[in-house]
Amino acid sequence: MFSTQIEAGPSTPTARSRYTVGQRYLHCKTLHPLTLRYIGPLPPSPPSSFSSSASFSDHAGNDTIWLGVEYDSPSHGKGHNGTYKDIKVFDTRENGSGSFVKLVGEPLKEGRGLIESIQERYGRIIIPSNQNETPNTQNQHTNSSVYVQNVEKESIILGSTKIIVETPNLSNVQERIGRLEKLRNIGFEEEFIGSLGGDDNDDGTLRKVLKERMKGLKWLNISRNLISSWEEIRDIVYHFEGLEILTLNHSRFEPLSSTHEPDQLPKFKSTFNNIQELHLSDCCLSWDEICFITLLFPNIRILHLEANRLLTNLNRRLEGLRELKELRLGGCPISNWNEIVSSLSDLPQLENLDISFTSIRSINSSSSSDTKQFSNLKSIIMVEAQIRHWNDLDNLSDQLPNLTSIRITIPTSPMPIESLSFPSVKSDSVGKGLSITKKEEEEGQNEIQLVDEKTLRLICISKFGRLTSFNSGTISSTERRDAELFYISFVRKWVKRNGGDKEERGRYQELCGIHGVGTESIDDGSVRKGKGGLRSKMINLKIHTSLMESDDNIKEISLLPSSPLSLLQRKASRLLGLPQVQSSALQVWSLNLVEGQEVDGIAISAGEQKKWEKVIKVTNPWEDKQIGWWFENDDDIYVEHVVEED
């Protein structure tokens, strides 16, 4: 069709084919998958005297014949790229993956047929005409066992051990799992499927029956296969007309040419029309090849391209995928964010993008209209992200304004969040270690690495206004409010110590307006303007240590509504003069005035006692709700110290 091969070098003349250049095999001893690239002597003879196959017969009068192979994994190669004594014999896709194997005996092994594998696992595709004879009730030879049946018992002979194991009702089990019509998902990963198989000696009946019986199949996994051409993939998919998910991870296909035969492309599109999810991870594909391949799949919605080591430059637009909603590029050596924006701008339905474990180190601001095409992008995954500056996140927020979910981790050299900018921290300890010198900046100092995961979460929540999930954790309205107030304080302290303009820090001005906080700088780093700031958002709780006491004995504590109960226990223990190690022994209850007493209706003179009753115990081991869930501002609470007896 429109396939081209990597130049394979000359091959030995033959009358009868044994191995074929461009085909995929297993090494017989190591079982490592490979592609055959060359057949002939070393050093090579003149090209005019070679063909592309090796004969079963001996090569009398010739030098020793060698097979030039390219292993799927460079770690299995001999460290060269098809070179013999500085002579280029064949080309490889990846450095170091080439090797030469002497043609002695049977050094290479062909792949299996998919039909044969299906029958081996599920029983005969064509049901025997004798209705009393169910699939797989004849002697079946597999890699691991032989099945034997007689009128008295059923048994399995385990491999070559000659051990016979009785298996009552095995025929019923085989009949049950052999109902091909009910299969929806099947997988033959690492079984090294090399072709569709079947029908070598018949009129095509077996394949016709397969197509009819398995038209309900939805997902086929033939990863780690020995298929080299997309024509063979088309032949396989044609026989599963209901297929929606096709998994081909760890495959190696011959490159597609940029010049398609006009009558071939529609045939591929017709066959692949129902495929909605395609997995091509670790297939050693370049971006050009991917752009050709996706033209064959007009209705793809999910595309997996992880760990394609040749995918370095996204130098052209990915076209024709108008329905694509999810694209995963994790582990590809991509380094340019602008290339991602440009190459994916024709994907109007794209909602989820994964660029984890890539080499992208910066996200530049963009005035390009391409970013408008990302209006539907809702989720981005950036595990082990290499971005370095807060401006990168600001630019990402500007270009992807509708993000609702982010998953991001960054290799950190963390500082505790308490050392950065919580209001309760003394001003002389706030922001320690945040200063970045000019030398550090020139050497690539990572600003984001200076904060821990908790601080990163708060800052990302603040920078992305529509975010509802961060690292798979739901963001509540209370957490968003506290995070945005924290961010205002964080920016002020950061600018005070490192210089710069606060107004250029992402949503800083917008957040100051939302929360009624002035943008003026302050000396102590706290956030306050009249009733604005973190302190204005805190709730006051009145601490009682007795159910009969006057107002003079009541103490007060201020906490953010998002604070955990453990913080309330620690603060209360300090007020009561208890060691911090005993704070977990404090039990907290909500309180009500005893019926009949009035507070607002009748003024109670100073010193007059009130009678309270405990209502709900909130410090239960199974409770993990925040302070704001239990209490409102100016609530009364009862605290008692419970000492466990030995």
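The values are calculated or read from the model by the stated rules, or taken from the named source; none is laboratory data. Quick caveat, the model's predicted, so the values are computed rather than measured. No Cβ is skipped: glycine too gets one built from the backbone with ideal geometry, and neighbour counts run over all protein chains shown. Accessible surface areas use protein heavy atoms only, side chains included; no ligands, DNA or RNA. Shrake-Rupley method; radii C 1.70, N 1.55, O 1.52, S 1.80 Å.
Taken as a whole, the structure places Thr404 among residues that are open to solvent by 20 Å² or more (accessible area, probe 1.4 Å), modelled with pLDDT of 90 or more and of a type outside the set (A, V, I, L, M, F, W, C).
Here is the figure for segment 304-327: residues that are out of contact with any helix residue (DSSP H, G or I) (no Cβ under 7 Å at 6 or more places or on another chain), of a type in the set (A, V, I, L, M) and under 29 Å from Ser73 (Cα atoms) total 3. Reported count of residues in segment 492-536, each being at pLDDT 75 or above and surrounded by 13 or more Cβ atoms within 10 Å (Cβ to Cβ), is 16. Flag: Gly197 does not match the condition of being in a loop (DSSP other than H, G, I, E, B), of a type in the set (Gly, Ala, Ser), open to solvent by less than 50 Å² (accessible area, probe 1.4 Å) and at pLDDT 95 or above. Checked against the criterion of being within 23 Å of Ile461 (Cβ to Cβ), at pLDDT below 80 and not in a loop (DSSP other than H, G, I, E, B), segment 364-372 has at least one qualifying residue.
Given the criteria in a loop (DSSP other than H, G, I, E, B), out of contact with any helix residue (DSSP H, G or I) (no Cβ under 9 Å at 6 or more places or on another chain) and either open to solvent by 50 Å² or more (accessible area, probe 1.4 Å) or at pLDDT below 95 (or both), does Ser359 qualify? Considered against the rule, which asks whether it is in a loop (DSSP other than H, G, I, E, B), out of contact with any helix residue (DSSP H, G or I) (no Cβ under 9 Å at 6 or more places or on another chain) and either open to solvent by 50 Å² or more (accessible area, probe 1.4 Å) or at pLDDT below 95 (or both), Ser359 comes out as yes. Take the residues in segment 253-287 that are crowded, with 17+ Cβ neighbours inside 10 Å and among the acidic types (Asp, Glu), then tell me which one is modelled with the lowest pLDDT. So the residue we want is Glu254. Within segment 234-248, residues that are farther than 16 Å from Leu280 by Cα sit with their Cβ atoms under 6 Å from residues that are open to solvent by 10 Å² or more (accessible area, probe 1.4 Å) and among the hydroxyl-bearing types (Ser, Thr, Tyr), at 6+ positions apart or across chains, in these pairs: Tyr238/Thr271.
Residues in segment 31-48 that are surrounded by 13 or more Cβ atoms within 10 Å (Cβ to Cβ) and modelled with pLDDT under 85: 1 in all. Any idea which residue in segment 289-318 is least open to solvent (accessible area, probe 1.4 Å), counting only those that are farther than 18 Å from Leu248 by Cα, of a type outside the set (A, V, I, L, M, F, W, C) and out of contact with any Cys (no Cβ under 7 Å at 6 or more places or on another chain)? Only one residue fits best here, namely Thr312. Scanning segment 106-116 for residues that are open to solvent by 20 Å² or more (accessible area, probe 1.4 Å) and under 18 Å from Thr20 (Cβ atoms) yields Glu106, Lys109, Glu110, Gly111, Arg112. Considering segment 211-305, the qualifying helices (runs of 4 or more DSSP H), each wholly inside and each with 1 or more residues that are within 24 Å of the chain's Cα centre (by Cα), run over 287-293.
Tell me, please, whether a residue that is within 17 Å of Ile380 (Cβ to Cβ) and of a type in the set (Lys, Arg) can be found in segment 296-306. Checked against the condition, which is being within 17 Å of Ile380 (Cβ to Cβ) and of a type in the set (Lys, Arg), segment 296-306 yields no hits at all.
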